[in-house]
Number of protein chains: 2
Amino acid sequence: MSKPKNVLWIMADQLRFDYLSCYGHPHLHTPNIDRLAARGVRFTNAYVQSPICGPSRMSSYTGRYTRSHGATWNGFPLRVGEPTLGDHLREIGVRPVIVGKTHMVADTKGMEWLGIDPGSTIGISISECGFEPYERDDGMHPYGPYDPDPAYNRALQEAGVEGDNPWEEHANSAAGDDGERLSGWLLKYANLPADVPEELSETPYMTRRAMQFMEEAGDAPWLCHLSFIKPHWPYIVPAPYHDMYGPEHILPPVRAEAEKVTDHPVFRAFIESRICRSFARDEVRERVIPAYMGLIKQIDDQMGVLLGWMEERGLFETTMIVFTSDHGDYLGDHWMGEKDLFHEPSVKVPLIVYDPRPEADDTRGTVRSELVEAIDLAPTFLSYFGGPAKPHILEGRGLEPLLHNRAKPAEWRQYAVSEYDYATRPARQAIGNAQEEARLVMLRDGRWKYVHAEGFRPMLFDLQTDPDELHDLGASRAPEHAAVRARMMVALGRWSRRHHNRITLSPEQIEAMTGKEPPGILIGFWDEAEYEAEFGKPFAERP
Amino acid sequence: MSKPKNVLWIMADQLRFDYLSCYGHPHLHTPNIDRLAARGVRFTNAYVQSPICGPSRMSSYTGRYTRSHGATWNGFPLRVGEPTLGDHLREIGVRPVIVGKTHMVADTKGMEWLGIDPGSTIGISISECGFEPYERDDGMHPYGPYDPDPAYNRALQEAGVEGDNPWEEHANSAAGDDGERLSGWLLKYANLPADVPEELSETPYMTRRAMQFMEEAGDAPWLCHLSFIKPHWPYIVPAPYHDMYGPEHILPPVRAEAEKVTDHPVFRAFIESRICRSFARDEVRERVIPAYMGLIKQIDDQMGVLLGWMEERGLFETTMIVFTSDHGDYLGDHWMGEKDLFHEPSVKVPLIVYDPRPEADDTRGTVRSELVEAIDLAPTFLSYFGGPAKPHILEGRGLEPLLHNRAKPAEWRQYAVSEYDYATRPARQAIGNAQEEARLVMLRDGRWKYVHAEGFRPMLFDLQTDPDELHDLGASRAPEHAAVRARMMVALGRWSRRHHNRITLSPEQIEAMTGKEPPGILIGFWDEAEYEAEFGKPFAERP
């Protein structure tokens, strides 16, 4: 049998945890993903470190909280010198490859300070968040300066799809009765088929690219991050996926009137934003959700293609396979659209880990409810490849104890943490908050979810009695709720005060320095006799 | 009149705030430093960001708290990519030059990740904390691998001082009656003269080097960081400074029996360390303090030489001159030796700023008692040179409003903050604490000093009723003290939760992104009409 030596890390974009049949969706059948779950471990409490693409991904790719890496919103560059999973893997001879989306923005100013050419090998690696870009594609190719010439567009053109920007004009548009372009940017057209042959649409294309990479990769170990750009908006999917689901498959929105009149300024400002008002409309949900489900169904079918292809080549023997997402999608729940806040549909993600090692045989098909964070994957991968633990850099916890059913660590984490910086959001403008104060932090323990809102009262949900998070107890006068809030605030304080940037020395290096001075340095010795008493040798023989 | 365009930033090493006559020392007359104070502003509440060389300096050189830059103890490398004052100055055409000590340790692993050759121009800059090393000298040149071949040793040899390591054998030794070496590492010999001609000892040497730099510098603007290695131990000084002060000049130790039996585990562990037990002995204080005073007197005399030389050349018209220190020295106060904790003799430093600009004419010779932090200097310098404010990176506050007597900012800082990581200290071993928990944070407001000790009770001092900090109120049951502690803990929480690493975008850049999506991106629009209503133009004309 071949030795485990690769990782295929598949990430969907904006996939809610509960829109897969293995996670309980009653109408959306995802047998291929479910089969992966049957061969691996499925985590039911996996949280991203920020409920928005950029910071969530920067956390996943660095193994660090957003307050540590500092790229706290989309388009905020990840600082040069922030160690990435790619850095750790290259160090031990593993190729870290990206096929698809990262949402990385390069820190060009930092590179300038360090004299690094962005076009050099190292400059490209820094610009790609430590990955080797087999194919980088963030999925948005509108006209305008945003990602003007993606390889995907060229591939469409080579396959005969016409236009200067075939993504915009075909993959992201439907055709009207007279051939006119009906843009996928508009929710009204989400029920129409994208005007591109299914096999040329984004998900099958990127799946093929991952298979091409694996075919070319040779024997050296690799981590391939296959990062789909769907089911993220624009919500439009080619036939036959565009009309697989109808009104009868749409689950009712999870929301309460009381939420709509919340007195929480931040929640209220989000609810009142244009996007959320849009998703509060039934017609929007009725057009968007079937398309969203179709996009997921397409991913599942492509997972079938991919996993079958891997099976045929024996890659299940050598490859850890992870399926997850970068955050969810409210889809109108809680009167919200998009993501941004910390309700379960937004901040919880599916996470399935198939581990080829025999130590995982006992856990195949099992489900774990421990609090898991997206930043746990980086240390899990590093350990899988035989790399050193780096707890001074990687703030997550390796999942091996759960994957291998070893005695549960005496102390698994008590809290999952997620952060959100709404400095750039219209909600911040609406409430007139200062940029640097526009901060939210979620702490979730086994029962409670606490959301600290800088400058405002917190939000609090009891997931035991209120699993749908409809009753905000952040202002409750009940003593038990006040006690929970106080306990959570203490925990937040402890977490905030921790070292988040003491990354240049390992615990072993610090231990080796402890209680010692550099050679030749003597502090506070009175005379030769004191020296001899301390070191057991004559002063004259000191270094 | 010439235009202000240079900064001379003079730092003494381990100089207590109160061992200068302008700060009230009754026996140690420092007329030259006092004259600088008479021409500038003298700050009486200036605090370093960590009471130990390395992290204090890394804070001064980056303008950032130690929790932000992560180099939390001596020998902890400053991470590559941490922006330094040097980076900010080079960007606006100012040469940042070091003459003397920085305590910088290069992040060789970070450079390896980024493919930077430590010997390249940029690699040297990174290794020197952003400075151009006109002469780097951290002042310790014992035998052994520590700084084996300093230019200072070579200069001594050229001047005829003999030996393989003339610093160790002469500048840091006295000669016994039979010519034997009596090492400056041993406190017992602190009363003897260093066996080196005074003009060749460290302080005059480094002063001359700064003058050489200024002479060679030409017309381009510069910041010269003249960083003396004294009065830091080894406590030994050449004649005539070795016997200028006697027992009659030694102030009694500031300490109380109650401190010695403190129940605070961290304070107790420090007091019980070998170094502190040493400084609790009268014979140690009586030998060390006169030498310490002699080293300061020598600095003052050299300041006279330097400032006179600058005056002759008109450099007072073009040069901001700052005199400060990196932390203090307990000298037996509070039963402590060295520094490390947060009593005033350790964490407070002298700070004198001479500003050549006419706007400062009204403040010459004034004294300010506002809470000032060492990290305030970096933004002060950047502003002086006409550079942009960078509040997303620089965590200090520019001192111009105080230097120019402009209306006091509506809200100057309420708290000065200092941090200490005792992970490597014997005290940590003594109390059996975990490396990552060995953290202290001081918050000082106008009246109170609060020291948070992770995992232990805090310490609290009322500087109004107890300016000598002899009564620790950290466990006091008085309601007023409990209320102060609670208030300080809230302030610590706010400070800890702040962004400390969101450094890649300026407030202006974030403001420009606020409420906008990247060109071509549309989220949550139902149809063309909604687009037109929002943007006031037809959907077909979108970018």
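Check whether at least one residue in the stretch B:313-322 is in a helix (DSSP H, G or I), buried (at least 24 other Cβ atoms within 10 Å of the Cβ) and within 25 Å of the chain's Cα centre (by Cα), and report yes or no. No: the stretch B:313-322 contains no residue that is in a helix (DSSP H, G or I), buried (at least 24 other Cβ atoms within 10 Å of the Cβ) and within 25 Å of the chain's Cα centre (by Cα). Residues in the stretch A:500-534 that are facing chain B (nearest Cβ under 7 Å), surrounded by fewer than 20 Cβ atoms within 10 Å (Cβ to Cβ) and touching a His at 6+ places or on another chain (Cβ under 9 Å): A:Pro507, A:Gly520. Each residue in the stretch B:258-279 was checked for being buried (at least 21 other Cβ atoms within 10 Å of the Cβ), more than 14 Å from every other protein chain (Cβ to nearest Cβ) and within 14 Å of B:Leu440 (Cβ to Cβ), and 2 pass. In the stretch A:229-242 there is at least one residue that is surrounded by fewer than 19 Cβ atoms within 10 Å (Cβ to Cβ), in the same structural domain as A:Asp195 (by TED's automatic domain parsing) and closer than 24 Å to A:Ala175 by Cβ.
Note on the stretch B:411-429: among residues that are more than 11 Å from every other protein chain (Cβ to nearest Cβ) and assigned to a loop (DSSP other than H, G, I, E, B), the one that is farthest from B:Leu341 (Cα to Cα) is B:Glu411. A:Phe535 - would you say it is touching a Leu at 6+ places or on another chain (Cβ under 6 Å) and not assigned by TED's automatic domain parsing to the domain that holds A:Leu394? Answer is no for this residue. Do we find a residue being part of a loop (DSSP other than H, G, I, E, B), at the interface with chain A (Cβ under 7 Å from one of its Cβ atoms) and in contact with a helix residue (DSSP H, G or I) (Cβ under 9 Å, 6 or more places away or on another chain) anywhere in the stretch B:128-142? Yes, the stretch B:128-142 contains a residue that is part of a loop (DSSP other than H, G, I, E, B), at the interface with chain A (Cβ under 7 Å from one of its Cβ atoms) and in contact with a helix residue (DSSP H, G or I) (Cβ under 9 Å, 6 or more places away or on another chain). Select from the stretch A:455-487 the residues that are β-branched (Val, Ile, Thr) and closer than 21 Å to A:Arg255 by Cβ and list them in ascending order. Once the filter is applied, which keeps residues that are β-branched (Val, Ile, Thr) and closer than 21 Å to A:Arg255 by Cβ, the stretch A:455-487 yields only A:Thr465.
In the set B:Ala482, B:Ala486, only one residue is within 13 Å of chain A (Cβ to nearest Cβ) and either in contact with a Cys (Cβ under 9 Å, 6 or more places away or on another chain) or among the aliphatic types (A, V, I, L, M) (or both); that residue is B:Ala486.
Here the stretch B:151-190 is the region considered, the condition is being in a loop (DSSP other than H, G, I, E, B) and either within 13 Å of another protein chain (Cβ to nearest Cβ) or in contact with a Gly (Cβ under 7 Å, 6 or more places away or on another chain) (or both), and the residue that is surrounded by the fewest Cβ atoms within 10 Å (Cβ to Cβ) is B:Glu180.
The residues listed here are B:Gly246, B:Gly144; of these, the one that is at pLDDT below 95 and either closer than 21 Å to B:Val105 by Cβ or more than 22 Å from the chain's Cα centre (by Cα) (or both) is B:Gly144.
Being surrounded by 21 or more Cβ atoms within 10 Å (Cβ to Cβ), farther than 19 Å from A:Ile271 by Cβ and out of contact with any Leu (no Cβ under 8 Å at 6 or more places or on another chain) is the requirement here; does A:Ile375 meet it? No: the conditions fail for A:Ile375. Check the stretch A:383-397 and report whether any residue there is farther than 24 Å from A:Glu511 by Cβ, at pLDDT 95 or above, in contact with a helix residue (DSSP H, G or I) (Cβ under 7 Å, 6 or more places away or on another chain) and surrounded by fewer than 24 Cβ atoms within 10 Å (Cβ to Cβ). The answer is yes, given that some residue of the stretch A:383-397 is farther than 24 Å from A:Glu511 by Cβ, at pLDDT 95 or above, in contact with a helix residue (DSSP H, G or I) (Cβ under 7 Å, 6 or more places away or on another chain) and surrounded by fewer than 24 Cβ atoms within 10 Å (Cβ to Cβ). For the stretch B:112-127, a residue qualifies if it is away from chain A (no Cβ under 11 Å) and crowded, with 20+ Cβ neighbours inside 10 Å, and exactly one does: B:Ser127. Only one of the listed residues (B:His471, B:His481, B:His452) is touching a residue at least 60 places away in the same chain (Cβ under 8 Å), touching a strand residue (DSSP E or B) at 6+ places or on another chain (Cβ under 9 Å) and either at negative phi or part of a loop (DSSP other than H, G, I, E, B) (or both). That residue is B:His471. Does A:Asp147 qualify as being more than 20 Å from B:Gly123 (Cβ to Cβ) and out of contact with any helix residue (DSSP H, G or I) (no Cβ under 9 Å at 6 or more places or on another chain)? When the stated conditions are applied, A:Asp147 passes them.
Within the stretch B:430-448, if we keep just the residues that are within 24 Å of B:Gly70 (Cα to Cα) and within 20 Å of the chain's Cα centre (by Cα), the residue that is farthest from the other protein chains (Cβ to nearest Cβ) turns out to be B:Arg444. Checked against the criterion of being among the aromatic types (Phe, Trp, Tyr) and in contact with a helix residue (DSSP H, G or I) (Cβ under 7 Å, 6 or more places away or on another chain), the stretch A:505-528 has at least one qualifying residue. For the stretch B:2-42, a residue qualifies if it is among the basic types (Lys, Arg), surrounded by fewer than 24 Cβ atoms within 10 Å (Cβ to Cβ) and within 24 Å of B:Ala291 (Cα to Cα), and exactly one does: B:Arg35.
If the condition is being in contact (Cβ under 8 Å) with a residue 24 or more places away in the chain and more than 17 Å from B:Trp233 (Cβ to Cβ), then the stretch B:271-312 contributes B:Ile271, B:Glu272, B:Asp300, B:Asp301, B:Gln302, B:Met303, B:Gly304, B:Val305, B:Leu306, B:Leu307, B:Trp309, B:Met310.
Regarding A:Gly493, is this residue modelled with pLDDT under 95 and not assigned by TED's automatic domain parsing to the domain that holds A:Ser346? Taking the combined requirement at face value, the residue does not satisfy it. Going by the structure shown, is B:Val441 out of contact with any His (no Cβ under 9 Å at 6 or more places or on another chain), under 22 Å from B:Ser60 (Cα atoms) and among the aliphatic types (A, V, I, L, M)? The answer is no for B:Val441. If the condition is being part of a loop (DSSP other than H, G, I, E, B) and more than 12 Å from every other protein chain (Cβ to nearest Cβ), then the stretch B:86-103 contributes B:Ile92, B:Gly93, B:Val94, B:Lys101, B:Thr102.
One line per residue, one yes/no per condition, for (1) out of contact with any Asp or Glu (no Cβ under 8 Å at 6 or more places or on another chain); (2) of a type in the set (Asp, Glu); (3) within 28 Å of A:Ile503 (Cβ to Cβ):
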position: B:Pro77; (1), (2), (3): no, no, yes
position: B:Glu82; (1), (2), (3): yes, yes, yes
position: B:Asp87; (1), (2), (3): yes, yes, yes
position: B:Pro96; (1), (2), (3): no, no, yes
position: B:Val105; (1), (2), (3): yes, no, yes
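The values are calculated or read from the model by the stated rules, or taken from the named source; none is laboratory data. What you see is a predicted model; the values in this text were computed from it and never measured. When we count neighbours, we look across all protein chains shown, and the Cβ atoms used for this are built from the backbone with ideal geometry, even at glycine.
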